[in-house]
1. Looking at 22, 7, which is the one that is at pLDDT below 90 and surrounded by 10 or more Cβ atoms within 10 Å (Cβ to Cβ)?
2. Evaluate the following for residue 85: is it exposed (fewer than 13 other Cβ atoms within 10 Å of the Cβ) and either touching a helix residue (DSSP H, G or I) at 6+ places or on another chain (Cβ under 7 Å) or modelled with pLDDT of 95 or more (or both)?
3. Identify, please: which residue in the range 102-127 is part of a loop (DSSP other than H, G, I, E, B), surrounded by 10 or more Cβ atoms within 10 Å (Cβ to Cβ) and out of contact with any helix residue (DSSP H, G or I) (no Cβ under 8 Å at 6 or more places or on another chain) and is, among those, modelled with the highest pLDDT?
């Protein structure tokens, strides 16, 4: 007797779908993604500045190359906005942000002995462990720029 080989659990009975099942599955998936992101942040925190720059530049260039695709997708999905405007926003928020902060050292800890604080959290941030001065991580050297 030959036929297809079935692996994994065998499901019998009606397939149940609906808000409760979808919500539970979505919650489980979200928790799984957060756990992976937490692990990745911990691994990434140990990288040196050169590695961080290589990775962030690759990500920024990939996002910039797909700026139009994601702009059109966002307008189609939400029904709001102008795709051409979103392309500009996507370009500015990808390669533009990378180029703006390329020369900033956001990897090495910065210590302020007078205030007894460190401006860099040495472990991945979470709701329970956000550093008090985390808002200064993305501030530029001059006081006129705002957060992006």
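1. 22
2. The answer is yes for residue 85.
3. 104
The values are calculated or read from the model by the stated rules, or taken from the named source; none is laboratory data. If you're wondering where the values come from, they're calculated on a predicted model, not measured in any experiment. When we count neighbours, we look across all protein chains shown, and the Cβ atoms used for this are built from the backbone with ideal geometry, even at glycine.
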